[in-house]
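**Student:** First the structure, which I've put down as structure tokens, then a few questions once you've had a look.
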Ligand SMILES: [Zn+2]
């Protein structure tokens, strides 16, 4: 099995509903998202996937959230924008595209959201 991993950052605001504590008030994070892909076969160039292509798939998902209040953007108008839910969102948004691009050769293994340097949440299936 081969894996490739790309990280990217974005800054955004959020607050948690149905939650008592610091995070119930609007505040910002310099988020980092780390996506790892996996597959058994490499392409003709010996790559699982060109890093550029993964970044290209991640970019629109990030741009939708960057410098926004995440709570104002679907599906987070209903869904709480916790690190866990953000990790699941990034997983879904990138996995479908990558599977299509590679005709199922490559899929997302896991997606980790860093709210801070020391606090992360990961989603995988
Ligand atoms: Zn927070």
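The numbers here are math on the coordinates, done by the rules we state, and not lab data. Please read all numbers here as calculations on a predicted model, not as lab measurements. We place every Cβ from the backbone using ideal geometry, glycine too, and count neighbours over all the protein chains shown.
**Student:** Helix 83-101 versus the longest principal axis of the chain: what angle, 0 to 90°, nearest 10, using Cα atoms?
**Tutor:** Helix 83-101 and the main axis of the chain meet at about 30 degrees.
**Student:** A further question on this structure: Suppose the Debye formula is applied to equal point scatterers at every Cα of the chain; what is log10 I(q)/I(0) at q = 0.19, 0.20, 0.22 Å⁻¹?
**Tutor:** Relative scattering, expressed as log10 I(q)/I(0), comes to -0.99, -1.07, -1.25.
**Student:** Sorted from fewest to most neighbouring beta carbons within 10 Å, what does the list 98, 37 look like?
**Tutor:** Least crowded to most crowded, the residues run 98, 37.
**Student:** Next question. Where does each of 118, 77 land when they are ranked from fewest to most other beta-carbon atoms within 10 angstrom?
**Tutor:** Ordered from fewest to most neighbouring Cβ atoms within 10 Å, 118, 77 come out as 118, 77.
**Student:** When 15, 123 are ordered from fewest to most other Cβ atoms inside 10 Å of their Cβ, what list results?
**Tutor:** Fewest-to-most ranking of 15, 123: 15, 123.
**Student:** Which whole-number percent gives the relative contact order of segment 64-125, counting Cα pairs below 8 Å spaced six or more residues apart?
**Tutor:** Taking the mean separation of contacting Cα pairs over the length of segment 64-125, I get 29 percent.
**Student:** Quick check on segment 1-51: what are the equivalent-ellipsoid semi-axes from the Cα gyration tensor, as sqrt(5λ), descending, whole Å?
**Tutor:** 38, 12, 6
**Student:** Here's something else I'd like to know. What percent do you get for the relative contact order of the chain when only Cα pairs under 8 Å and 6+ apart count?
**Tutor:** Reported as a whole number, the value is 30 percent.
**Student:** Relative to the first principal axis of the alpha-carbon coordinates of the chain, what is the inclination of helix 51-65, with its axis defined by its Cα atoms, in degrees from 0 to 90 and to the nearest 10?
**Tutor:** 20 degrees
**Student:** Moving on. For segment 1-68, what's the relative contact order in percent, using C-alpha pairs closer than 8 Å and at least 6 residues apart?
**Tutor:** 43 percent
**Student:** Give the shape of segment 70-125 as rounded, prolate or oblate, defined through the alpha-carbon gyration tensor: a ≥ b ≥ c are the square roots of its eigenvalues, a/c under 1.5 means rounded, and otherwise the shape is prolate if a/b is larger than b/c and oblate if not.
**Tutor:** It is oblate, given that a/c is not under 1.5 and a/b is not larger than b/c.
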